[in-house]
1. Quick one: would you say Glu58 is under 16 Å from the mean Cα position of the chain (by Cα), free of Cβ contacts under 8 Å to residues at least 60 places away in the same chain, surrounded by fewer than 16 Cβ atoms within 10 Å (Cβ to Cβ) and assigned to a helix (DSSP H, G or I)?
2. Scanning for something in contact (Cβ under 8 Å) with a residue 40 or more places away in the chain and more than 24 Å from Trp85 (Cα to Cα), does segment 35-55 turn up at least one residue?
3. I'm trying to understand the selection: among the residues of segment 84-113, which are closer than 24 Å to Lys22 by Cβ, assigned to a helix (DSSP H, G or I) and among the aromatic types (Phe, Trp, Tyr)?
4. Here are Phe6, Phe48, Phe13: which of them is crowded, with 17+ Cβ neighbours inside 10 Å, modelled with pLDDT of 95 or more and in a strand (DSSP E or B)?
5. Suppose we filter Val93, Val144 for residues that are under 18 Å from Gly8 (Cβ atoms) and touching an Asp or Glu at 6+ places or on another chain (Cβ under 9 Å); which single one remains?
Amino acid sequence: MKTALFVGRFQPFHIGHLNDIKWILERYDKVIIVIGSSQESNTEKNPFTLEKRKKMIENTLKNEKIEKDVYEIIEIPDAHDDEKWTKSILDKVKFDAIFTRNPWTKRCFEKFKIPVKEHPMYGDISGTKIREMMKNGEQWEKLVPKEVERILKKG
């Protein structure tokens, strides 16, 4: 079974993340979704709790009919040390490839001689942009799956 790793903070989980997971699952049997900065919440950069981020992902994948046997969600807290952080993931899971567009994540895994692959970009979507739009009262809803919109509007 070919397994891929997909790392993010998912602050919030958006349609780009969903498209990435679908794209990865077209090429791999399973995807391990790593929720980074798992201990962080209630800050400007990390407003959502681990539980809320996990719920965003699970509810969206369920609605998309993506079965639980093709994905796994793990959480990884910040270690403030590249090698410790990477090792904490390597000690938890086995995988064949990692997909990211984040330069820091790429550098961390390449230090361990693990090749990093890029997934496609799906427009100009980012958690930072969505959080800024939410803060400014702009229309952010079209950038997230419906399940995420429902969760975020509930509070």
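1. On the way: under 16 Å from the mean Cα position of the chain (by Cα): yes; free of Cβ contacts under 8 Å to residues at least 60 places away in the same chain: yes; surrounded by fewer than 16 Cβ atoms within 10 Å (Cβ to Cβ): no; assigned to a helix (DSSP H, G or I): yes.
Against the criterion (under 16 Å from the mean Cα position of the chain (by Cα), free of Cβ contacts under 8 Å to residues at least 60 places away in the same chain, surrounded by fewer than 16 Cβ atoms within 10 Å (Cβ to Cβ) and assigned to a helix (DSSP H, G or I)), Glu58 does not qualify.
2. No, segment 35-55 contains no residue that is in contact (Cβ under 8 Å) with a residue 40 or more places away in the chain and more than 24 Å from Trp85 (Cα to Cα).
3. Of everything in segment 84-113, just one residue is closer than 24 Å to Lys22 by Cβ, assigned to a helix (DSSP H, G or I) and among the aromatic types (Phe, Trp, Tyr), namely Phe109.
4. On the way: Phe48 fails: in a strand (DSSP E or B); Phe13 fails: in a strand (DSSP E or B).
Exactly one of Phe6, Phe48, Phe13 is crowded, with 17+ Cβ neighbours inside 10 Å, modelled with pLDDT of 95 or more and in a strand (DSSP E or B), namely Phe6.
5. Val93
Rundown of residues vs (1) touching a residue at least 12 places away in the same chain (Cβ under 8 Å); (2) more than 22 Å from Phe99 (Cβ to Cβ), yes/no style:
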site: Val116; (1), (2): yes, no
site: Met121; (1), (2): yes, no
site: Ile130; (1), (2): yes, no
site: Met133; (1), (2): no, yes
site: Leu143; (1), (2): yes, no
site: Val148; (1), (2): yes, no
site: Leu152; (1), (2): yes, yes
site: Gly155; (1), (2): no, yes
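The values are calculated or read from the model by the stated rules, or taken from the named source; none is laboratory data. The model shown is predicted, which means the values in this text are computed figures rather than measured ones. Here Cβ is always computed from backbone atoms with ideal geometry, including for glycine, and neighbour counts include all displayed protein chains.
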